[in-house]
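The structure follows.
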Amino acid sequence: MKKLNKPSVTIFLGMILTLFSGKAYAHFLWLNANPYKAEIGKKVEIEVGWGHCFPRDSSIEKGFIESIYAISPNGKKIVLEKVDEAHYFFVPRLSGIHVVEAKIKPGFGTKTVTGFKFQTKEGLKDVIKCFHFDRTARAIVLVGKPDKSFNLQESIGPLEILLVNNPYNLQVGDMLKIKLLFQGKPLPYTHVYATYAGFSKDPNTYCYTTMTDKNGTAEIKMLHGGEWLLKVFYKKPYPNPKVCDEFNFVDSVTFQIR
């Protein structure tokens with residue numbers, strides 16, 4: 001497994017973004033929590049990140065979010081109060097890890113020589129590429145003090161970044177263990193990108209890059225304190241090339257390191 005502790009630009013994603021200008025393809029989803037380390041009975045604000053420059057970039061458009069909620073330590077779903085399209089909040093009532101999950105509405109996007117359409121390539125002329133997009137995101141919020149127990153809920157999408165150890169028990173210099181799943185099965189030999197808030201203002205620029213092993217596992221060194229983002233991009237052929245060319249998925253996880 002190869003790791004880069006220096007700035008790592010996702011070149012292949014940059015090439016994709018140059019070719020395809022559709023917002024649903026070029027952008028990915030993430031969640032910012034304020035605070036990440038919360039107290040029982042006090043408000044936790046959730047901000048929807050959208051674009052390709054963590055922690056803040058573009059504003060998500062109305063109607064893009066399909067679902068957003070929190071999962072409490074006892075496994076129960078918490079409905080978030082909506083402030084506007086990009087801002088929500090909840091008030092935790094239990095101590096422990098809370099997982100906030102969100103996804104946009106999946107759909108099709110097709111790039112043609114004359115522009116971009118949110119549809120399959122059926123009936124279109126001069127098609128360059130068609131894709132079916134799926135974007136999911138989670139934020140890990142600690143309420144109260146950290147403990148050894150840790151159970152990250154599974155994602156709401158086919159692509160899942162699972163944290164094996166509790167990030168709130170880690171310090172700068174420690175290794176965070178993760179496991180990638182696709183449709184519930186380990187996803188081997190797939191790149192994982194990580195960065196912390198403030199590392200760079202440039203899009204698609206990350207401080208750490210690694211690849212999962214044959215079992216779909218990887219480790220990421222926590223190089224800096226503060227808010228962290230993990231992101232994975234994965235694509236596979238669409239079953240009917242007359243309708244579309246590929247599926248593409250992005251999942252992200254955010255948390256804080258002391």
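The values are calculated or read from the model by the stated rules, or taken from the named source; none is laboratory data. Source: prediction; values computed, not measured. When we count neighbours, we look across all protein chains shown, and the Cβ atoms used for this are built from the backbone with ideal geometry, even at glycine.
Quick one: what pairs do we get from the range 39-50, first residue within 14 Å of I140 (Cα to Cα), second part of a strand (DSSP E or B) and of a type in the set (F, W, Y), C-beta under 6 Å, 6+ apart or different chains?
Final answer for the pair search is V44/F90; E45/F89; I46/Y88.
In the range 214-225, what residues are farther than 13 Å from L176 by Cα and buried (at least 16 other Cβ atoms within 10 Å of the Cβ)?
Within the range 214-225, just G216 meets the criteria.
Which pairs have Cβ atoms under 9 Å, sit 6 or more apart or on different chains, and link a residue in the range 186-205 that is closer than 15 Å to E219 by Cα to one that is of a type in the set (A, V, I, L, M) and exposed (fewer than 15 other Cβ atoms within 10 Å of the Cβ)?
Between residues of the range 186-205 that are closer than 15 Å to E219 by Cα and residues that are of a type in the set (A, V, I, L, M) and exposed (fewer than 15 other Cβ atoms within 10 Å of the Cβ), the close pairs are P188/M211; Y189/M211; T190/M211; H191/M211; V192/M211.
Then there is this: I'd like to know if the range 97-116 contains one or more residues that are closer than 22 Å to K235 by Cβ, in contact with a Gly (Cβ under 6 Å, 6 or more places away or on another chain), surrounded by fewer than 20 Cβ atoms within 10 Å (Cβ to Cβ) and in contact (Cβ under 8 Å) with a residue 12 or more places away in the chain.
Yes, there is a match, as at least one residue in the range 97-116 is closer than 22 Å to K235 by Cβ, in contact with a Gly (Cβ under 6 Å, 6 or more places away or on another chain), surrounded by fewer than 20 Cβ atoms within 10 Å (Cβ to Cβ) and in contact (Cβ under 8 Å) with a residue 12 or more places away in the chain.
I'm checking my understanding of the structure. Among residues of the range 52-70 that are within 10 Å of V100 (Cα to Cα) and crowded, with 18+ Cβ neighbours inside 10 Å, which one is farthest from the chain's Cα centre (by Cα)?
Out of the qualifying residues, it is A70.
Between V250, V243, which is more than 17 Å from the chain's Cα centre (by Cα) and within 24 Å of H132 (Cα to Cα)?
V243
Conditions tested, residue by residue: (1) closer than 17 Å to I156 by Cα; (2) of a type in the set (A, V, I, L, M).
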site	(1), (2)
F28	yes, no
L31	yes, yes
K42	no, no
E47	no, no
D57	no, no
S72	yes, no
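Something else about it: Is it the case that some residue within the range 7-24 is touching a Gly at 6+ places or on another chain (Cβ under 7 Å), closer than 25 Å to T212 by Cα and either crowded, with 20+ Cβ neighbours inside 10 Å or modelled with pLDDT of 95 or more (or both)?
Checked against the condition, which is being touching a Gly at 6+ places or on another chain (Cβ under 7 Å), closer than 25 Å to T212 by Cα and either crowded, with 20+ Cβ neighbours inside 10 Å or modelled with pLDDT of 95 or more (or both), the range 7-24 yields no hits at all.
Which of the following residues is without any contact (Cβ under 8 Å) to a residue 12 or more places away in the chain, under 24 Å from H52 (Cα atoms) and not small (G, A, S): P237, P167?
Testing whether each residue is without any contact (Cβ under 8 Å) to a residue 12 or more places away in the chain, under 24 Å from H52 (Cα atoms) and not small (G, A, S) leaves just P237.
Let me ask something additional. What residue, of Y193, Y189, is buried (at least 17 other Cβ atoms within 10 Å of the Cβ) and modelled with pLDDT of 95 or more?
Matching residue, one of Y193, Y189: Y193.
Now, a different point. Looking at (1) touching a Ser or Thr at 6+ places or on another chain (Cβ under 9 Å); (2) β-branched (V, I, T); (3) farther than 30 Å from D245 by Cα, can you tell me which one V141 breaks?
Among (1) touching a Ser or Thr at 6+ places or on another chain (Cβ under 9 Å); (2) β-branched (V, I, T); (3) farther than 30 Å from D245 by Cα, the lone unmet condition for V141 is (1).
Please give the number of the condition P73 fails out of (1) at pLDDT 85 or above; (2) under 20 Å from the mean Cα position of the chain (by Cα); (3) of a type outside the set (A, V, I, L, M, F, W, C); (4) not in a strand (DSSP E or B).
For P73, the failing item is (2).
Residue check: is F64 within 26 Å of N204 (Cβ to Cβ) and at pLDDT below 95?
Considered against the rule, which asks whether it is within 26 Å of N204 (Cβ to Cβ) and at pLDDT below 95, F64 comes out as yes.
Any idea how many residues of the range 89-112 are touching a Cys at 6+ places or on another chain (Cβ under 8 Å) and among the small types (G, A, S)?
The qualifying residues number 1.
Where residues in the range 214-249 are touching a Ser or Thr at 6+ places or on another chain (Cβ under 9 Å) and of a type in the set (G, A, S), which of them is farthest from L31 (Cα to Cα)?
So the residue we want is G216.
Follow-up. Those residues that are touching a residue at least 24 places away in the same chain (Cβ under 8 Å), touching a Leu at 6+ places or on another chain (Cβ under 9 Å) and within 29 Å of I40 (Cβ to Cβ), I need them from the range 55-75; list them, please.
Listed by number, the residues that qualify are P55, I65, I68, Y69, A70, S72, P73.
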